[in-house]
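In what follows, a structure is listed as C-alpha cells, so that the remarks can point back to it.
Quick note: the coordinates plus some simple rules give every number you see, no bench work behind them. All of these numbers come straight from a predicted model, not from anything done at the bench. All Cβ positions, even for glycine, are placed from backbone atoms using ideal geometry, and neighbour counts span all protein chains on display.
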Amino acid sequence: MYQEASYAIAIETKEPVFEGMYIKAEEPKISLRTAKSGDKTLVILGGMGHRVGAEIDLSKTYEELEKKAKMMYKDAKILYRWGTQDCITLDKIPYIGEYSKIMENIYVATGYKKWGMTTSNVASNIIADKILGKENKYEEIYDSTRLNPVKNRWELGEMIKESASSLVADRMKEKANAPTCTHLGCKLSWNNLEETWDCPCHGSRFDKNGKQIYGPAIDDLKNH
C-alpha cells in the first residue's frame, strides 16, 4: 500500500445548503457533504489529495479549498481545518480478511481509499462471518492475501521508484540535509503546510522537532 494525504475545511453560512454527498470527477478531486454542529448545519469541503512525502509546495492547500467555498457561499465563515492520511492498495480495493496464511485468528481491514465509513461496515461483516465459520459472498473480492503485481504494474512501479529514490543508500544531493525515517531509513520530505517531516515510502510523519506523530515509525528522529 501507499499513503495519500487529503485536507478538509468546515464552513458556516447563512445561505441554504444542499442535501446529500458529492464528489468531483475531475482533478483535483473535491468532495462536499454537510454535518451537524449543535443547531447549525456546516458544509465540509475536502480534497486536494497527494501522496504523502511528495516534494510539492503545499502552502496554499487550505487557501484553495477556501476559494472554492467562497465561490459557493460568499458569506462562508471558515470554522475548522484539518488533514488526514489514508492507506490505498495497489488495485484500489481494500484488504479485508486473514492477516496471514500462517497466522490463525488474526484479521486485518485496511486500504479503504477514503471510503472508511462504508467499507468498514463491509469489513465488519466479512470478519465476523470468518470468525463464525460462515461464507461471505464478498470475501473473495477483498481477499487480504492477494498479490497481483502484474495487473498493478504501474502503481507497483511508482511505489518502487518512490522508495528507491528515498532510501538512504540513494542519497541525492538535493536531499542531503533531510533527516531519515526511523522506520526503514527512507529520506523524509518537508511538508511546508503542516510543518512536518513526511516519509514517501510508508507514510510515517514527524513534527518539526523530530517527534514521531504517525506510524509505522515508532521512534523519534535521532539527532534532529
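I'd like the projected area of the stretch 1-43, averaged over all directions, using the convex hull of its alpha carbons. Report it in nm² with one decimal.
Numbers: hull surface 18.0 nm².
Taking a quarter of the hull surface, the average projection is 4.5 nm².
Over the stretch 28-70, calculate the relative contact order: mean separation of alpha carbon pairs under 8 Å at least 6 apart, over the residue count, as a percent.
Values: 36 pairs, mean separation 14.0, N = 43.
The value is 33 percent.
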Task: Residue among Tyr112, Tyr214, Tyr138 with the largest mean-square fluctuation in a Gaussian network model of the chain, springs linking Cα atoms under 10 Å - done: Tyr138
TODO: With 10 Å bins from zero, work out the P(r) of the chain over every alpha carbon pair and list the percent per bin.
DONE: 7, 26, 29, 25, 11, 1
TODO: Can you tell me the relative contact order of the chain? Whole percent, Cα pairs under 8 Å, sequence separation 6 or more.
DONE: 18
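Out of the trypsin sites (Lys or Arg not before Pro) in the stretch 63-92, which ones are loop residues according to DSSP with at most 16 other C-beta atoms within 10 Å? Don't skip to the end; give the middle numbers.
On the way: sites: Lys67, Lys68, Lys70, Lys74, Lys77, Arg81, Lys92; in loops: Lys74, Lys92.
Of the trypsin sites (Lys or Arg not before Pro), the ones in loops of the stretch 63-92 whose Cβ has at most 16 other Cβ atoms within 10 Å are Lys74, Lys92.
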Open item on the list: At 1.306 mPa s and 10 °C, plugging the Kirkwood radius over alpha-carbon pairs of the stretch 1-127 into Stokes-Einstein gives what diffusion coefficient in µm²/s?
Closed with: 96
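What pairs from Lys36/Lys130; Lys70/Lys113; Lys68/Lys92; Lys113/Lys137 go past 31 Å between their alpha carbons? Kindly include the intermediate steps, with their values, before the conclusion.
Details: Lys36/Lys130 36 Å; Lys70/Lys113 28 Å; Lys68/Lys92 28 Å; Lys113/Lys137 21 Å.
From the list (Lys36/Lys130; Lys70/Lys113; Lys68/Lys92; Lys113/Lys137), the Cα-Cα distance tops 31 Å for Lys36/Lys130.
Mean 1/r over all different Cα pairs, inverted: what Kirkwood radius does the stretch 31-102 give, in Å?
For the stretch 31-102, the Kirkwood estimate is 15.5 Å.
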